[in-house]
Amino acid sequence: MSGITKHNEACCKIPPIVDEGYSPKGKYIELNGTKTYVTGPDTATSAILSIYDIFGFFPQTIQGADILAYSDSEHPYQVFMPDFFEGNPADMAWYPPNNEDKKQKFNDWFKSAAPPKHLPKVPQLIKAAEEQNKNIKSWGVIGYCWGGKMTSIIASKNNFKAAVQTSPAMVDSSDAEKVVIPMMVLASKDEPVEEVKKYGEKLTVKNHIETFDDQLHGFMSARADLKDEKVKKEYERGYRLALQFFHEHL
């Protein structure tokens, strides 16, 4: 059933994007001992696990969680964004790692950030979230960059009903063969074009694969320069597409 999902552009009323000084709508709680940003009504019956990029709790990513939670009163979501890196995200100054010093610092940091080290945390985080909100009946997952890789692997199990990746890192088409839930991939111009294409071709589930070919890696999360009107417009469009996909499958 591979193919492109048709979307209705009028589905969601995304609030005006704040380009600087964003004030979060949610709060920080502990889930299974992990600091977690949670946003959205606790009456929601559907939830979204948001897996940030390597830079952690950045305003652009937090704003994205609030957009997912509050843009459509008919489809409310409670969104949970755990701090997988436990207060030790990558330094934005290391990216891109275009000299030996940056490469060394990034590689040293990444030893503790490899997805296999963090994937085992997910089931207990989900369990703890459902204890916080007993209304939750279904889950989606969205992953940014590093979180995209996490999402691609998570989507091989049907604990979730739908998955979205934005600017996915470490794209591997062999992951796609194992995906068992509807998958959206919103790539930037910096992901490997052929591998993204192969990933889409190998999916056997409902899917939407799209490349924002004038946007940098991380355009929906920490690296989004929301003072740039073009970036802001595509940031908003990306979230609109993600919401439409979750509406269809959650």
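Values quoted throughout were computed directly from the atomic coordinates according to the rules given, and no laboratory measurement underlies them. This one's a predicted model, so the numbers in the text were calculated from it and none came from an experiment. As a convention, Cβ positions derive from the backbone with ideal geometry for all residues, glycine included, and neighbour counts pool all protein chains shown.
Summarising the amide proton neighbourhood of GLN165: residues at separation of 5 or more, or on other chains, whose placed amide H is nearer than 5 Å comprise GLY143, MET184, VAL185, LEU186. The distance separating the Cα centre of the range 15-53 from that of the range 127-149 comes to 11 Å. Rounded to the nearest whole Hz, the Karplus-based 3J(HN,Hα) values (6.51 cos²θ - 1.76 cosθ + 1.60, θ = phi - 60°) of the range 117-133 follow the sequence 6, 10, 4, x, 6, 4, x, 6, 5, 5, 4, 5, 5, 5, 6, 5, 10, with x at glycine and proline.
Each residue of the range 29-40 is assigned a 3J(HN,Hα), and the resulting list reads 10, 9, 10, 6, x, 10, 4, 9, 7, 10, 8, x Hz, derived from the Karplus form 6.51 cos²θ - 1.76 cosθ + 1.60 (θ = phi - 60°), x at Gly and Pro.
Ordering ILE209, PRO192, SER138 by the projection of their Cα atoms onto the charge dipole of the range 27-249, which places +1 on the Cβ of Lys and Arg and -1 on the Cβ of Asp and Glu, puts SER138 at the extreme positive end. A cut-off of 5 Å between modelled amide H atoms, ignoring neighbours fewer than 5 places along the same chain, links ASP190 with HIS217.
Counting Lys and Arg as +1 and Asp and Glu as -1, what is the net charge of the other residues whose Cβ lies under 13 Å from the Cβ of LYS127?
With Lys, Arg at +1 and Asp, Glu at -1, the net is 0.
Please give the net charge around LYS27, taking every other residue with its beta carbon less than 14 angstrom from that of LYS27, where Lys and Arg add +1 and Asp and Glu add -1.
After counting each charged neighbour, the total is -2.
For the chain, what does the helix formula give at 222 nm: sum of -39500 (n - 2.57) over DSSP H segments with n ≥ 4, over the residue count, nearest 500 deg cm²/dmol?
On the way: 8 runs with 82 residues, N = 250.
Result for the chain: -9500 deg cm²/dmol, rounded to the nearest 500.
Using the Karplus relation 6.51 cos²θ - 1.76 cosθ + 1.60 with θ = phi - 60°, the per-residue 3J(HN,Hα) values for the range 176-188 come to 4, 4, 9, 5, 10, 10, x, 10, 10, 10, 10, 8, 9 Hz, with x marking Gly and Pro.
Extension gain LYS27-LYS121, at 0.36 nm per residue separation less the Cα-Cα distance, in nm? Please list the in-between numbers first.
Numbers: separation 94, 0.36 × 94 = 33.84 nm, distance 2.07 nm.
Computed gain between LYS27 and LYS121 is 31.8 nm.
Cross-link partners for LYS35 among the aspartates and glutamates, with Cα-Cα distance under 12 Å and sequence neighbours closer than 8 places in the same chain left out: ASP83, GLU86.
Could you pull out the pairs from LYS127/LYS206; LYS161/LYS197; LYS189/LYS230; LYS197/LYS230 whose alpha carbons sit more than 21 Å apart here? Result: LYS127/LYS206; LYS161/LYS197; LYS197/LYS230 exceed 21 Å.
Answer rounded, prolate or oblate for the chain, using the Cα gyration tensor with square roots of eigenvalues a ≥ b ≥ c: rounded when a/c is under 1.5, else prolate when a/b is larger than b/c, else oblate. Walk me through the intermediate numbers first.
Numbers: a/c = 1.19, a/b = 1.10, b/c = 1.08.
Rounded, because the longest to shortest axis ratio a/c is under 1.5.
Rounded to the nearest 5, what % of the DSSP beta bridges within the chain are antiparallel ones? Walk me through the intermediate numbers first.
Working: 9 of 35 bridges.
Counting DSSP beta bridges with both partners in the chain, the antiparallel share is about 25 percent.
Between amide H atoms placed 1.01 Å from N, distances below 5 Å from THR211 occur with ALA187, all of them 5 or more places distant or on a separate chain.
Report the local net charge at LYS198: Lys and Arg +1, Asp and Glu -1, summed over other residues whose C-beta lies under 15 Å from its C-beta.
Value of the local net charge: -4.
Each peptide among 108-117, 123-132, 46-55 gets the average number of other Cβ atoms lying within 10 Å of its residues, and from highest to lowest they stand as 46-55, 123-132, 108-117. Modelled label positions at LEU216 and THR43, each set 7 Å beyond Cα in the direction of Cβ, lie 4.1 nm from each other.
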